[in-house]
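Written below as structure tokens is the structure these notes are about.
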2 protein chains.
Amino acid sequence: MALVGAGPGCKDLITLRGAQRLQEADVIFFDRLIDPEVLDLAPANAKRIYVGKAPGCHHWPQEKISQALVAIAGQGQRVVRLKCGDPGVFARGAEEIDALDAADIPYEIIPGVTAASAASAALGGFLTERGTCDTLVLATGQTAKDADNANWIAQLQPGTRMAIYMGVGAAANTAKALIEAGLEKQVSIDIVSRAQQSDQVTAKCRASTLLETIETSGISNPAIMFLTWPQSATKVNSPQRG
Amino acid sequence: MALVGAGPGCKDLITLRGAQRLQEADVIFFDRLIDPEVLDLAPANAKRIYVGKAPGCHHWPQEKISQALVAIAGQGQRVVRLKCGDPGVFARGAEEIDALDAADIPYEIIPGVTAASAASAALGGFLTERGTCDTLVLATGQTAKDADNANWIAQLQPGTRMAIYMGVGAAANTAKALIEAGLEKQVSIDIVSRAQQSDQVTAKCRASTLLETIETSGISNPAIMFLTWPQSATKVNSPQRG
């Protein structure tokens with residue numbers, strides 16, 4: 001039983017170890033954003049089971065996925081649970097691991113390229129930049145939608161880049177929080193939708209033009225929103241931050 | 001010309017795309033922590049150039065690396081610049097890219113599995129955990145050695161995990177900062193040295209036992225130090241935090 005990170009979607013950004021587990025698999029459980037080409041790495045007769053969750057439409061409840069993994073791996077079949085990106089980053093694997101542990105089924109976790117790395121590479125740049133952006137914060141749109149903006153925005157400091165996964169749904173709150181914190185001028189925003197795919201879209205803006213930019217660029221999730229506050233830019237004309 | 005993330009070191013955690021660029025390479029420039037097995041993916045007659053930097057002993061100054069990349073790629077040779085982990089995370093690629101841009105040499109950045117993902121998978125767990133750890137902060141020992149602890153430790157909040165890359169050198173300051181912030185009980189520490197290698201070492205402790213743990217475990221860099229402050233643990237008996 002292997003939990004495998006597929007990388008950002010395209011077939012050749014999975015690791016060699018991940019590809020090998022797919023080649024050996026009897027059964028593969030895969031998510032909504034997995035590119036069909038990644039599944040082509042598995043043998044033609046391997047069983048492919050779609051357990052994807054579209055927002056607001058849970059195809060397979062989590063408990064059913066966990067039970068199926070335990071049942072099929074328990075029969076001695078070679079099971080791959082294929083997750084987008086890195087299974088350790090916003091991939092909600094804890095319930096599956098807990099079920100496997102409870103059933104005493106051994107498993108390995110095979111790390112993958114997380115979406116922020118893929119998106120940054122697609123922009124031709126780096127997530128961290130020595131002396132300018134020495135800290136990287138990974139958060140989700142869900143966190144950025146938090147009514148209490150002080151909590152998450154306090155983690156955005158000079159010298160920090162924040163990557164918000166699935167950030168489009170939280171764009172209105174993100175823009176509001178940045179403007180209220182007096183960070184319109186200090187923080188630049190880059191958005192990458194469907195990083196490393198043929199239909200990748202990128203855009204660049206500031207908080208005040210974020211909603212307009214998303215609309216005119218036709219950007220939607222899956223997208224990474226980067227908020228960058230370089231070390232050199234100091235805060236001006238702002239109220240006290242939480 | 002390709003900047004390729006080799007992943008955490010072992011041969012099979014590089015991506016398929018990264019492996020392919022190695023297979024096509026004429027010349028490879030590689031760093032200190034690259035496992036020799038990764039280089040075996042390249043043709044036997046490809047030229048392998050070690051440009052590693054040991055702490056306090058710069059084998060090749062950065063400017064010399066940049067000049068060599070430009071010179072050799074400029075001759076039309078297929079060059080791979082192989083970096084540990086993900087080239088976007090604490091890999092100091094900016095100067096090389098700037099030199100390539102200035103010489104008008106096209107390049108691609110191929111993302112890789114970053115050390116935090118590899119270390120977390122090696123522990124059998126996840127970097128983020130929904131409801132418990134919804135935010136992940138990547139920092140370096142250099143940042144954590146900062147005399148002004150208030151800056152970096154303010155990014156450690158309830159529901160946050162911080163991964164400190166090359167954290168061993170900053171252990172004394174990290175422990176001091178955690179204790180002064182009243183976080184001895186709230187924050188658990190996991191250290192993974194040489195993640196995913198045959199000589200991997202892991203340890204678990206609290207701030208007050210960090211230095212002793214590092215010494216008795218024989219842990220040294222390259223190591224990732226995880227500081228975890230779960231959402232449920234609230235701060236007690238502490239002074240005001242910056």
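Annotations for the structure displayed:
- When residues in region A:12-29 are screened for being in a helix (DSSP H, G or I) and over 10 Å from B:Thr15 (Cβ atoms), 5 of them pass.
- For region A:149-161, the criterion of a residue being in a strand (DSSP E or B) and not assigned by TED's automatic domain parsing to the domain that holds A:Ala25 is satisfied by at least one position.
- Exactly one residue among B:Gly131, B:Gly112, B:Gly169 is crowded, with 24+ Cβ neighbours inside 10 Å and not in a strand (DSSP E or B), and that residue is B:Gly112.
- Hits in region A:174-199 - residues which are touching a helix residue (DSSP H, G or I) at 6+ places or on another chain (Cβ under 6 Å) and not hydrophobic (A, V, I, L, M, F, W, C): A:Thr174, A:Glu184, A:Gln196
- Count - residues of region B:110-147 that are of a type in the set (S, T, N, Q), within 28 Å of B:Leu82 (Cβ to Cβ) and modelled with pLDDT under 95: 3
- Looking only at region A:1-45, and only at residues there that are among the small types (Gly, Ala, Ser) and without any contact (Cβ under 8 Å) to a residue 24 or more places away in the chain, the one that is surrounded by the fewest Cβ atoms within 10 Å (Cβ to Cβ): A:Ala44
- Subset of region A:92-109 that is within 7 Å of another protein chain (Cβ to nearest Cβ) and either at pLDDT 95 or above or assigned to a loop (DSSP other than H, G, I, E, B) (or both) - its residue that is surrounded by the fewest Cβ atoms within 10 Å (Cβ to Cβ): A:Arg92
- Being surrounded by 21 or more Cβ atoms within 10 Å (Cβ to Cβ), farther than 26 Å from B:Lys11 by Cα and more than 7 Å from chain B (Cβ to nearest Cβ) is a condition met by no residue of region A:77-86.
- Residue list for region B:166-222, filter: under 20 Å from B:Leu13 (Cβ atoms), at pLDDT 95 or above and in contact with a Pro (Cβ under 9 Å, 6 or more places away or on another chain): B:Ser193
- Flag not set for B:Val70, criterion: in contact with a Lys or Arg (Cβ under 7 Å, 6 or more places away or on another chain) and either without any contact (Cβ under 8 Å) to a residue 12 or more places away in the chain or surrounded by 14 or more Cβ atoms within 10 Å (Cβ to Cβ) (or both).
The values are calculated or read from the model by the stated rules, or taken from the named source; none is laboratory data. Keep in mind that this is a model prediction, so the values were computed, not measured. Quick reminder, even Gly has a Cβ in these numbers, built from the backbone with ideal geometry, and neighbours come from all protein chains shown.
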